[in-house]
Every structure is written in structure tokens, then in C-alpha cells.
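Only one structure is covered here, and it is reproduced in the block below.
The values are calculated or read from the model by the stated rules, or taken from the named source; none is laboratory data. Everything quoted here is computed from the prediction, not taken from an experiment. Quick reminder, even Gly has a Cβ in these numbers, built from the backbone with ideal geometry, and neighbours come from all protein chains shown. Side chains included, ligands, DNA and RNA excluded: accessible areas come from the protein's heavy atoms. Shrake-Rupley method; radii C 1.70, N 1.55, O 1.52, S 1.80 Å.
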Amino acid sequence: MIASIRGVIQSIGNDHLIVETGGVGFLIYAPRPTLAAAGGAGSETFLYTILMVREDALTLYGFSDSAQRNLFEQLIGVSGVGPKMALSLLSSGTPDEVRSMIASGDLTRLARVPGIGKKTAERIVLELRGKIDLRQPASAGQSSISAIDRELSDILVSLGYSATEAAAAIAALPADAPPALEERLRLALRYFGSA
């Protein structure tokens, strides 16, 4: 899987950009906020990415941060929500705003997003509401550790562990585990050694 890409922007379209790296130009679909923040042609950019493999196509999706990428993955996990619809949702606001709409069950705002009707909005809320809870916002320290743990999960999955195994290893980290990614990775790998 292509997890990230760094390169020079060749061009930006309505829903995509072309990033050249190592002499190869990659067409990357992205939400509007990511496209707006990317800069112009000729500037360097870094994107978190997901490669979607279909029978007839390999499609690359890019995001300005891992929170946006993680929310995209959650959205496409909902039955009936494809990558285009997920990008449309992510184009409607920040990841926190989209999470807030889902957590609060704001069907009216969700249904206003192009391509999402009332039934799809209901399905998104039904399937994701329990997984996205914003009633008790995390403190800044907790949210930075959450971001590190998401990166740690990505690394563990790239090493061949399943998402469930990665989640179990992260849950088993001691409460006083250091916030540094390298140390958390070492402790998570020790979990697999003792399992």
C-alpha cells in the first residue's frame, strides 16, 4: 500500500492533483480542503494516501493529515458509501466538523452534502455514531497521543499485523508509556513477542 507521497505538484484540478516524485506523476484524488492547502504548481507537497485496488483500476486518494485519512477509511467502511461520497463529505468541512455531524446525528446537514441523501445520512450515523464520540473532547495531550497511536497502528498493519492485532497491542500499552512513536512501537512489538 502507498501510505504517503512527497513530491512536486504538476497541476491541480477540481477533485485531484498530479504529484511528481521520482520521475513519475501520480494522479491523486483529494477533498477540497486538501487541494486548497496544497499550494500551486511547482511547490512541494506531502500527502497521506490510500491506494484503492479495484478490478479495473488502481486509484490513489490523498489527505493533508492522518485524521482526514482515518475518517475517510471509516466512511468508506459504511455500506453504500464509496470513495467519491467520502471525499464529498470530507470536502464539506474539517474532520472534526464531519465527526461532530455524525456523533450528534445531524441528518439535515449530512443530507445537504452533494451525493448524500437522507437514507445514506441515516446509514452513516447508524454505523459510525458509536465509533465517533465527541461528547467528551480529549485534552491536547490525549489527542496528540491518539494521533501517535493512529500512526502506530498504520505502522503495525504495514508490518503484517491485522488491524485487530494492532488495536490489541496499542490497548495493552501501559498508561505511562512514553509519547514518542519509536518507544510506543518498541512496546507494541514486545506485546507480540509475549503473546
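Which sequence of Leu128, Leu187, Leu107 reflects their accessible areas, 1.4 Å probe, from the largest down?
From most accessible down to least: Leu107, Leu187, Leu128.
Dipole of the chain, Cα-centred, from +1 at each Lys and Arg C-beta and -1 at each Asp and Glu C-beta, to the nearest 20 debye?
Dipole about the Cα centre, nearest 20: 540 debye.
Just to be sure I understand the model, the point goes 7 Å from the Cα along the line to the Cβ. What's the resulting Thr164 to Ser43 distance in nm?
4.4
Ranked highest first by average number of other Cβ atoms within 10 Å, how do 5-11, 45-51 line up?
45-51, 5-11
Provide the per-residue ³J(HN,Hα) series for region 102-118, in order, calculated from phi with Karplus coefficients 6.51, -1.76, 1.60 and θ = phi - 60°, each as a whole number of Hz, with x at glycine and proline positions.
Per-residue couplings from phi come out as 6, 4, 8, x, 6, 5, 4, 5, 4, 5, 6, 5, x, x, 10, x, 5 Hz.
Near Lys84, which aspartates and glutamates are there with a Cα under 19 Å away, not counting those fewer than 8 places off in the same chain?
Within the straight-line limit of under 19 Å, Lys84 reaches these aspartates and glutamates: Asp15, Glu55, Asp56, Asp65, Glu73, Glu97, Glu122, Glu127.
Would you work out which of Ile2, Thr45, Ile116 lies farthest towards the positive end of the dipole of the chain? Charges go on Cβ: Lys and Arg +1, Asp and Glu -1.
Among Ile2, Thr45, Ile116, the one farthest towards the positive end of the dipole of the chain is Ile116.
Quick one: net charge of Ile124's neighbours, Cβ under 12 Å, K/R +1, D/E -1?
+4
Quick one: what are the phi-derived ³J(HN,Hα) couplings along region 120-129, Karplus 6.51/-1.76/1.60 with θ = phi - 60°, whole Hz, x for glycine and proline?
Listing the rounded values in order: 5, 4, 4, 5, 4, 5, 4, 7, 10, 4 Hz.
Taking the mean number of other Cβ atoms within 10 Å as a proxy for protection, how do you rank 157-166, 23-32 from highest to lowest?
On the way: 157-166: 13.2, 23-32: 17.5.
Per-residue Cβ counts within 10 Å, averaged per peptide and sorted highest first, yield 23-32, 157-166.
For Arg6 and Ala180, FRET efficiency with R0 = 22 Å and r from the beta-carbon atoms, rounded to 0.05? Present the calculation step by step, with values, prior to reporting the outcome.
On the way: r = 22 Å, r/R0 = 1.02.
The pair Ala180/Arg6 has a calculated efficiency of 0.50.
Loop-only check: which GluC sites (Glu not before Pro) in region 1-62 are DSSP coil with at most 14 other Cβ within 10 angstrom? List each step's numbers first, then the result.
Values: sites: Glu20, Glu44, Glu55; in loops: Glu55.
Listed in order of number, the matching sites are Glu55.
Taking amide H positions as placed 1.01 Å from N in the peptide plane, with prolines and chain starts having none, which residues 5 or more places from Ser11, or on another chain, fall under 5 Å of its amide H?
HN-HN under 5 Å from Ser11: Ile18.
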